[in-house]
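Read through the structure below, which is laid out as structure tokens, and then see the notes.
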Amino acid sequence: MNEIVEGLLKAGQLILSLDADLIEISLRSLRVTLTAVLISSVIGLPLGCWLAVRRFRFRRFVIATLNALMGLPPVVVGLIVYILLSRSGPFGVFGLLFTPTAMIIAQVIILTPLIASISHQAIRDLWAEYHDLLISLNTTRRQRIATLLWDGRRALLTAALAGFGRGIGEVGAIMIVGGNIDHATRVLTTAISLETGKGNFALALALGFVLIGLAVAVNLIIHSLSRTERSGRW
Amino acid sequence: MVDLPILPLTVTDAVVRRRGKVLVGPISAELETDGLTIVMGPNGAGKTTLLRLLHGMERVSKGQLTWRVPEPAARAAQAFVFQTPILMRRSALDNVAYPLLVHGVAKTEARARAAGWLEKVGLADSGSKPAHVLSGGERQKMALARALIREPQIVFLDEPCANLDGRATREFEDLLAETRAEGTRIVMATHDIGQARRLAEDVWFIHHGRIHEAAPAEAFFATPQTPEARAFIQGDIVE
Ligand SMILES: Nc1ncnc2c1ncn2[C@@H]1O[C@H](COP(=O)(O)OP(=O)(O)O)[C@@H](O)[C@H]1O
Ligand SMILES: [Mg+2]
């Protein structure tokens, strides 16, 4: 109990003093995860939409695979990315291992199936509603996808936010491919893991509160941005 | 829109099957350039399927539809109003403007024309409302405006008043009469005999997926030729 209070106090102290390390680590956490969410959304949202609209032979198989990939253990993703990026691996020449880029790559692999799968479900429902109208109006496939993405944008935003939530709290994969190097690849989750290991529970907890605060803040900001839009009342 | 007349439409021995079962057909019929045809029949008779067939939304497993012009052009000059209005998650105005937008009209012009159509159907004040807050009657009027905005030569309506109360039905019928007066060909399904009597110029009576009778409205109501049609007009239950 004491430690929680201490952690809260310490968190307040770190934040109020604008602790340089804390700010650096927090910004890196945000940068890595927001970049990963952005890339995963660019891939996952249209993919989910496309899977909802397009009928093709292996569609069910692709969707099942996607859903299975959603449950991919991050540690395994980290391991695979590690092997691929390590100096003897196929992408070793790029020297990406233990860089934020490697962490972003791992997170993209973890988040894309999640975002694609959630958006697929949302768009599939919307497509069921719109189907007859869009067919009757002779829309092209591209127009259908554009319409569904636009009219389903709130659900898609939720998908992206779910991705953010999963990414910002993720530790297994980025620990492996990032290496938790001070001033290079250390982020909030890996720092928490490290401080806990060293027995610095108050500091670890403080970092934990900052992490939660960040996650909540990003959610609130994005939601309020989308709500100010007039047609967003759906 | 398409300037060349797409009517008449000739349907020859068209059959719609699903999972091996014949839903509608074989149908042979002709839609002339002018008129208001009511497709009448009990629930499950195949009215919806027939309208979708005519509109090109059902694949025919046999037979064919022949418009006066080739298919893509013919399709572009048709519109469909569904039994349950499809509400896009947009304002009423943007719902009505949508068909113009997907056919290359600039946004401001599309919106201006949509506003004109909303006014025409009596929804001038509802343009900025999200479509889902409209009442049942308003929704269907919005759907009608959306169907008419590209000035189709023919509009198919599938029991548009099935879920409306008396007043909303009358208002909708008035709009239909206006649409008809402006020269748009109308084909409408209904199982409401009163509505059929009020609007029909000719009637297709359909039962078990086949057209049992196709006749001018007066003749149909005065002297129905089949026992099923006679029973249906009298308000008996037709199975
Ligand atoms: N998607 C479908 N799959 C299988 N049968 C259907 C489907 N849609 C309609 N039917 C059947 O086709 C027949 C005609 O239906 P429908 O055209 O909706 O009739 P109506 O509009 O006159 O009530 C009914 O027997 C119905 O059960
Ligand atoms: Mg029907």
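The values are calculated or read from the model by the stated rules, or taken from the named source; none is laboratory data. Note that the structure is a prediction, hence the values are computed from the model and not measured. Cβ: placed from backbone, ideal geometry, glycine included. Neighbour counts: every protein chain shown. Heavy atoms of the whole protein, side chains included, go into the accessibility calculation; ligands, DNA and RNA do not. Shrake-Rupley method; radii C 1.70, N 1.55, O 1.52, S 1.80 Å.
Anything in the range B:52-64 that is away from ligand 1 (no atom under 12 Å from the Cβ), free of Cβ contacts under 8 Å to residues at least 60 places away in the same chain and under 17 Å from the mean Cα position of the chain (by Cα)? List them, or say none. B:GLY56, the sole residue that qualifies. Among the residues of the range B:46-61, are any at pLDDT 90 or above, within 26 Å of B:LYS141 (Cβ to Cβ) and away from ligand 2 (no atom under 16 Å from the Cβ)? Yes, some residue in the range B:46-61 is at pLDDT 90 or above, within 26 Å of B:LYS141 (Cβ to Cβ) and away from ligand 2 (no atom under 16 Å from the Cβ). Applying the set (1) crowded, with 19+ Cβ neighbours inside 10 Å; (2) under 21 Å from B:GLY41 (Cα atoms) to B:THR179 leaves exactly one unmet item: (2). Among the residues here, B:PRO85 qualifies as open to solvent by less than 60 Å² (accessible area, probe 1.4 Å) and within 16 Å of ligand 2 (Cβ to nearest atom). Where residues in the range A:85-107 are part of a helix (DSSP H, G or I) and open to solvent by less than 20 Å² (accessible area, probe 1.4 Å), which of them is nearest to the other protein chains (Cβ to nearest Cβ)? Looking at residues that are part of a helix (DSSP H, G or I) and open to solvent by less than 20 Å² (accessible area, probe 1.4 Å), I get A:GLN107. Taking the criterion of being within 16 Å of ligand 2 (Cβ to nearest atom) and free of Cβ contacts under 8 Å to residues at least 12 places away in the same chain, the only residue of the range B:10-38 that qualifies is B:ARG18.
The C-beta contact set for the range B:39-51 (first residue within 14 Å of another protein chain (Cβ to nearest Cβ), second residue within 8 Å of ligand 2 (Cβ to nearest atom), distance under 8 angstrom, 6+ apart or interchain) comprises B:THR48/B:GLN83; B:THR48/B:ASP158; B:THR48/B:GLU159; B:THR48/B:ALA189; B:LEU51/B:ASP158; B:LEU51/B:ALA189. If the condition is being within 13 Å of B:VAL155 (Cα to Cα), open to solvent by less than 20 Å² (accessible area, probe 1.4 Å) and not small (Gly, Ala, Ser), then the range B:40-78 contributes B:LEU51, B:LEU54, B:HIS55, B:GLN78.
Might you check whether a residue that is assigned to a loop (DSSP other than H, G, I, E, B) and either away from chain A (no Cβ under 14 Å) or open to solvent by 10 Å² or more (accessible area, probe 1.4 Å) (or both) occurs anywhere in the range B:107-117? No, because not a single residue in the range B:107-117 is assigned to a loop (DSSP other than H, G, I, E, B) and either away from chain A (no Cβ under 14 Å) or open to solvent by 10 Å² or more (accessible area, probe 1.4 Å) (or both). Filter the range B:128-169 down to residues that are part of a loop (DSSP other than H, G, I, E, B) and open to solvent by 60 Å² or more (accessible area, probe 1.4 Å) and give me whichever is nearest to ligand 1 (Cβ to nearest atom). Among those that are part of a loop (DSSP other than H, G, I, E, B) and open to solvent by 60 Å² or more (accessible area, probe 1.4 Å), it is B:ASN163.
What pairs come out if I take residues in the range B:167-183 that are charged (D, E, K, R) and pair them with residues that are surrounded by fewer than 17 Cβ atoms within 10 Å (Cβ to Cβ) and in a helix (DSSP H, G or I) whose C-beta lies under 7 Å away, six or more apart or interchain? Pairs that qualify, where the first residue is charged (D, E, K, R) and the partner is surrounded by fewer than 17 Cβ atoms within 10 Å (Cβ to Cβ) and in a helix (DSSP H, G or I), are B:GLU173/B:ARG198.
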